[in-house]
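The values are calculated or read from the model by the stated rules, or taken from the named source; none is laboratory data. No experiment lies behind these values; they were computed from the predicted model shown. Note that we place each Cβ from the backbone using ideal geometry, even for glycine, and neighbour counts take in every protein chain shown. When the accessible area is computed, the model is the full protein with side chains, heavy atoms only, and any ligands, DNA or RNA have been set aside. Shrake-Rupley method; radii C 1.70, N 1.55, O 1.52, S 1.80 Å.
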Amino acid sequence: MHVMTLDYTFERRLEMQRAEAIEDGERIGKEIGKEEKLSEQIRKKIQKGKPLDQIADELEEVPETIRPLYEKIKQEMLQ
């Protein structure tokens with residue numbers, strides 16, 4: 001009986017770990033998708049010659065939040 005309980009507990013633990021891994025993967029995927037969309041929007045606005053503050057305002061973001069992406073994209077466009 002004890003061995004059966006251990007097997008069940010182990011199997012249940014594996015199921016829970018798998019479920020958590022799937023949830024983590026989905027969350028990470030959504031975050032990556034959001035960042036890619038934001039990057040594309042920033043890129044288009046930079047191409048139109050808009051400054052960081054205006055881009056942040058139009059995207060309803062805080063300039064400090066998008067500054068790293070903004071600077072990265074600006075640098076990529078210069079190369």
Just to be sure, is M16 without any contact (Cβ under 8 Å) to a residue 12 or more places away in the chain and assigned to a helix (DSSP H, G or I)? yes
Take E40 and decide whether it is of a type outside the set (G, A, S), on the phi > 0 side of the Ramachandran plot, open to solvent by 70 Å² or more (accessible area, probe 1.4 Å) and without any contact (Cβ under 8 Å) to a residue 60 or more places away in the chain. no
Pairs please, first residue from region 65-79 and open to solvent by less than 80 Å² (accessible area, probe 1.4 Å), second anywhere and not in a helix (DSSP H, G or I), Cβ atoms under 7 Å, 6+ apart in sequence or on different chains. I66/L59
